[in-house]
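Here is the structure we will look at, set down as structure tokens.
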2 protein chains.
Amino acid sequence: MTHGDRRGSIADCFDPGRMLADLDRLRAFGATGTGVVRPALSSVDVQSRDWLASRYRDAGLEAVTDRCGNVFGCDAVRPSAILIGSHADTQVKGGWLDGALGVIYGLEIARAAKASGRTGRIGVDAVAWNDEEGRFTHFTGSRAYAGKLSIGEYDTAVDADGIRLADAVVAAGYGDLPLRPVSPSRHVAYLEGHIEQGPLLETTGLQLAAVDGIVGAKEYLVTYHGEANHAGTAPMALRHDAVRAMIAFVSRLEERFAALADDHIVWTFGRITVEPNAPSIVPAAASISVQFRSSRPAMLERFAAAVHQTVDEAGGVAGCAKPDLAQILDYVPTPMDLHLTHILHDAAQTIAPGRSRIMSSGAGHDAQFMAPLMPTGMLFVPSIGGISHSFDEDTARGDLVAGCRALALAVDRLLTEIDPV
Amino acid sequence: MTHGDRRGSIADCFDPGRMLADLDRLRAFGATGTGVVRPALSSVDVQSRDWLASRYRDAGLEAVTDRCGNVFGCDAVRPSAILIGSHADTQVKGGWLDGALGVIYGLEIARAAKASGRTGRIGVDAVAWNDEEGRFTHFTGSRAYAGKLSIGEYDTAVDADGIRLADAVVAAGYGDLPLRPVSPSRHVAYLEGHIEQGPLLETTGLQLAAVDGIVGAKEYLVTYHGEANHAGTAPMALRHDAVRAMIAFVSRLEERFAALADDHIVWTFGRITVEPNAPSIVPAAASISVQFRSSRPAMLERFAAAVHQTVDEAGGVAGCAKPDLAQILDYVPTPMDLHLTHILHDAAQTIAPGRSRIMSSGAGHDAQFMAPLMPTGMLFVPSIGGISHSFDEDTARGDLVAGCRALALAVDRLLTEIDPV
């Protein structure tokens, strides 16, 4: 063991009971059955952030909230720090661990670091990002911190009900707060713990994984325009039927995707909207989301080309012209810092010998916006049944504790390297 | 001319200006731009029915409203009558003529009949059916009159927002009214004027059509069950993706329909519902409506067999089991009375020489529930652009007048046959 060699180690000061109690307390904000409903900037989200700020202060950290609702717990007496955290907002119908787990890991490790006397020039800051789940935009909070949220995007972003981000910020009481009170220049590294949100660890009997990269993602919205008409009287040859045109398009695209796919790329047609959506009316409009994710840039480009080719060939079906094509997401695959990944994997092997691996993340995370700014690493714990974005999301308590212990140990080792006393 | 041989004819007493003024007045109830929003039992629908009752009374008819909101204008001094009308409710976003035209034709002809002194033992009654457009059930009002709306169906019917028919009836003030105050045994024939709701008359330059039958319709709801999961982390091979399974099903069904179709059958996939309908979540459920209409029973059966066969073969795609299949509609093709159709066609040829034809109706109408009870006939006027179930629905004023004049003339001729003085 190389940690705790001169002062108390963070891992030794880690308190599993305290960590789990705080995780349960955070779950209570918006708890709905076994799930949590705590969308970004909702009143219950704001309440949870007030509570988080008080917990940071209880730990001797300075609590700093910014205009997007990101809450930092800063070790203000240190000029620089390792930043640890995740997002505290949930999906509209979310699980209790997605984001929340990494937020509480950050709180617990920053708290343990303060208590340990381990830190010298470099402290440990904690953070609870906001709107990772994209109520208003994607990764709103972490992109604001990273300087990647433009004022134009901030001013125009609206949620699915048309509520403006800027108005929700004011309603939350954050309207007068600065956009970037904490500078990335303060932070020497970013670490994020998270549930896997997939089945790989569980199905292979592993407990922990260091993440070597986050997949890239592209998402398109394909929209057909038809003409509403009576479903009994309009002859087939005279129809402009947006749904039949869309079905033909997706069917062709699915064939192309299946022919191009490697074993790792995933694709999803998750949202369909039909107007006016009545059984007896020929559809006037139909749109479908086309999303795919891969860690291989070339594979993403091949799928994107298939989308464009299928759109180009799609005119004239069911009386409809070519559909409109709008790109909604375009995230390049983001590698994690190689050295940090190995520190995390070594720490995980120490905590769970033979039960850790290195894997890539199929989900997007706030970490992908930190990676261009500083060395960034992620650690996964298993998801029961591989289920996430669902009220059924859960992880064994032992795995929750093992993840925090491994992350604390990794911080000890990183500090030993970069801030020897 | 055989009408008006002994007393004044109905056709001679027909007042085009009065008819059009009443049609415009009815349009004002729920007018929204060029369209009308007057769903069954909405407050504006109830207001329009109060107004219709007053117009019936002004014409010397007895106004009778039943529990479903059907409003009759009865020539109470005659022991039996020809019934003329259509429905006064509209689609959620409806046109101004669908139903309303036939209601005002009924009012105008019953009024002209009263004024003409033409009627002897057999009078002319008018009717404004309710909920033809199926806010609560399909053809609620005319089925209630025909004795085809069961009490069980009445008690359990709800609209798309979950509002119960029985509660809407009470809110409308109809709760204490009888279900069938006017008996079909009173009526010797039923006539309904309607817009075509299709392009056939317009594209062939015709003004009127006698309807020889109403197509049959079958509608199914096909529902796939998948499992919600994260669209980035769930490997393709482990997914239970309701949308990809549904797309494959509909694509296969479309192929089969196209191969089986004759020139007249029509089919529509008008409504799609996806749960939770988010781009980043593997869909947990997806349903699609499958509706088709034909005047040929054998063609309907072939399409129905294709639906069943495609469902039977559909298991195992995208990790989903065979979909649930529920039949929503099953209407057999309904022929109109042959003799009445010829009386209507002859009258139409008198009014518009060389510009009338006989055709079948691709839309369902209240008339299909009268046809089993009494000789029933329908008359169509053109729809501009073939458009209906849309705010753009319209018909030339000259065509609206020609339709009413032809229907009045047909009533004169029918009375000459069945009630000679």
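The values are calculated or read from the model by the stated rules, or taken from the named source; none is laboratory data. As the structure is a computational prediction, the values presented were derived from the model and not from experiment. All Cβ positions, glycine included, derive from the backbone under ideal geometry; neighbour counts span all protein chains shown.
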- Note on the structure: A:Gly398: passes all of (1) in a helix (DSSP H, G or I); (2) in contact with a His (Cβ under 6 Å, 6 or more places away or on another chain); (3) of a type outside the set (A, V, I, L, M) but (2)
- Query: What residue, of A:Gly385, A:Gly377, A:Gly354, is on the phi > 0 side of the Ramachandran plot and either outside any loop (DSSP other than H, G, I, E, B) or among the polar types (S, T, N, Q) (or both)?
  - Reply: A:Gly385
- Task: Could you tell me whether any residue of region B:364-384 is modelled with pLDDT under 95 and surrounded by 22 or more Cβ atoms within 10 Å (Cβ to Cβ)?
- Result: yes
- Query: Does region B:319-333 include one or more residues that are touching a helix residue (DSSP H, G or I) at 6+ places or on another chain (Cβ under 9 Å), under 29 Å from B:Val37 (Cα atoms) and either modelled with pLDDT of 95 or more or not in a strand (DSSP E or B) (or both)?
  - Reply: yes
- Any idea which of (1) over 30 Å from B:Ser388 (Cα atoms); (2) more than 8 Å from chain B (Cβ to nearest Cβ); (3) surrounded by fewer than 20 Cβ atoms within 10 Å (Cβ to Cβ) is the one A:Val317 doesn't satisfy? (1)
- Message: Restricting to region A:76-89, count the residues that are without any contact (Cβ under 8 Å) to a residue 60 or more places away in the chain and touching a Ser or Thr at 6+ places or on another chain (Cβ under 7 Å).
- Response: 1
- Pick from region A:199-258 the residues that are within 7 Å of chain B (Cβ to nearest Cβ) and charged (D, E, K, R): which of them is surrounded by the most Cβ atoms within 10 Å (Cβ to Cβ)? A:Arg244
- Message: I want to confirm something. Restricting to region A:98-128 and keeping residues that are within 23 Å of B:Ala228 (Cβ to Cβ) and out of contact with any helix residue (DSSP H, G or I) (no Cβ under 8 Å at 6 or more places or on another chain), which single residue is surrounded by the most Cβ atoms within 10 Å (Cβ to Cβ)?
- Response: A:Gly102
- Query: What are the residues in region A:145-177 that are more than 14 Å from A:Gly134 (Cα to Cα), assigned to a helix (DSSP H, G or I) and in contact (Cβ under 8 Å) with a residue 60 or more places away in the chain, if any?
  - Reply: A:Tyr145, A:Val169, A:Ala171
- Could you please give the count of residues in region A:23-37 that are under 21 Å from the mean Cα position of the chain (by Cα), over 21 Å from A:Arg55 (Cα atoms) and part of a loop (DSSP other than H, G, I, E, B)? 2
- Item | Residues satisfying the stated conditions in region B:277-301, i.e. surrounded by fewer than 18 Cβ atoms within 10 Å (Cβ to Cβ) and either facing chain A (nearest Cβ under 9 Å) or not small (Gly, Ala, Ser) (or both) | B:Arg296, B:Pro297, B:Glu301
- Query: Is region B:75-94 home to any residue that is modelled with pLDDT of 95 or more, assigned to a helix (DSSP H, G or I) and surrounded by 24 or more Cβ atoms within 10 Å (Cβ to Cβ)?
  - Reply: no
- Task: Scan B:Thr268, B:Thr310 and give me the residue that is out of contact with any Asp or Glu (no Cβ under 6 Å at 6 or more places or on another chain), at the interface with chain A (Cβ under 8 Å from one of its Cβ atoms), surrounded by 23 or more Cβ atoms within 10 Å (Cβ to Cβ) and among the polar types (S, T, N, Q).
- Result: B:Thr268
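Which members of region B:350-374 meet the condition of being over 28 Å from B:Phe136 (Cβ atoms) and in contact (Cβ under 8 Å) with a residue 40 or more places away in the chain?
B:Thr350, B:Ile351, B:Ala352, B:Arg355, B:Ser356, B:Arg357, B:Ile358, B:Met359
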- Query: Does A:Asp263 satisfy the condition of being in a loop (DSSP other than H, G, I, E, B), surrounded by fewer than 23 Cβ atoms within 10 Å (Cβ to Cβ) and either within 13 Å of another protein chain (Cβ to nearest Cβ) or at pLDDT below 95 (or both)?
  - Reply: yes
